[in-house]
Amino acid sequence: MTDPIAIEAHVPAEPEAAWSAYTDPDAITQWNFATPEWCCPRAEVDLRPGGRHMARMEARDGSIGFDFEGTYEEVDAPCTLVLKLDDGRMSRTTFEAEGDGTRVRTVFDPEASNPAEMQRSGWQAILDNYAGYLRGKASA
């Protein structure tokens, strides 16, 4: 088993607003992709322990796509969100007030078929998009 991977970002929002942008399906479709060549056309969130999470990720040219799915194991708004992915891996995201915003940190189990560094950079790019989404809302 490979060690879990940690990523984080500081976002310019209070924990409640950071949590909302992370868990609202409409918001998720605005930031949940690693590169501009990808998009997230649909997200579904049943935000409760035992509830389901699904985010559809697709190449913008339609050549490939997949559903990122799991079941919420822990929902402690606006502090902690634990998701068990359908392949059994775990993802834990925490939201901690820090300075003028929130430190968002995700620790996840890597999957075996891709290099850990590729997974870390992909998940970090998505988290960076999330932070950019909140920066855009803060300046609006």
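Relative contact order for region 37-98: 23 percent, from Cα pairs under 8 Å spaced at least 6 residues apart, divided by residue count. Each residue of region 1-68 gets 142 Å³ once the volume of the Cα convex hull is shared out per residue. Across region 54-69, computed HN-Hα scalar couplings (Karplus, 6.51 cos²θ - 1.76 cosθ + 1.60, θ = phi - 60°) run 9, 10, 7, 10, 9, 5, 4, 7, x, 6, 7, x, 7, 9, 9, 10 Hz from first to last residue, x flagging Gly and Pro. Subtracting the Cα-Cα distance of Arg60 and Arg135 from their residue separation scaled by 0.36 nm leaves 24.6 nm. Peptides 125-132, 92-99 ordered by packing proxy, namely the average of other Cβ atoms within 10 Å per residue, highest first: 125-132, 92-99. For region 22-84, a simple Cβ point-charge model (Lys and Arg +1, Asp and Glu -1, everything else neutral) yields a dipole of about 60 debye relative to the Cα centre.
Extending 7 Å from the Cα toward the beta-carbon at both Val107 and His10 defines two label points whose distance is 2.2 nm.
Of (1) 8.3; (2) 25.4; (3) 22.2, which one was derived for mean projected area of the Cα convex hull in nm² from the structure shown? Step by step, mean projected area of the Cα convex hull in nm² for this structure corresponds to label (1).
Could you tell me whether region 64-134 comes out rounded, prolate or oblate from its Cα gyration tensor? Rule is a ≥ b ≥ c as square roots of the eigenvalues, rounded for a/c under 1.5, then prolate if a/b exceeds b/c, otherwise oblate. Oblate, because a/c is 1.5 or more while a/b does not exceed b/c.
All of the numbers you see were taken from the coordinates with simple rules; none came from a lab. These numbers were taken from a predicted model, which means no experiment stands behind them. Quick reminder, even Gly has a Cβ in these numbers, built from the backbone with ideal geometry, and neighbours come from all protein chains shown.
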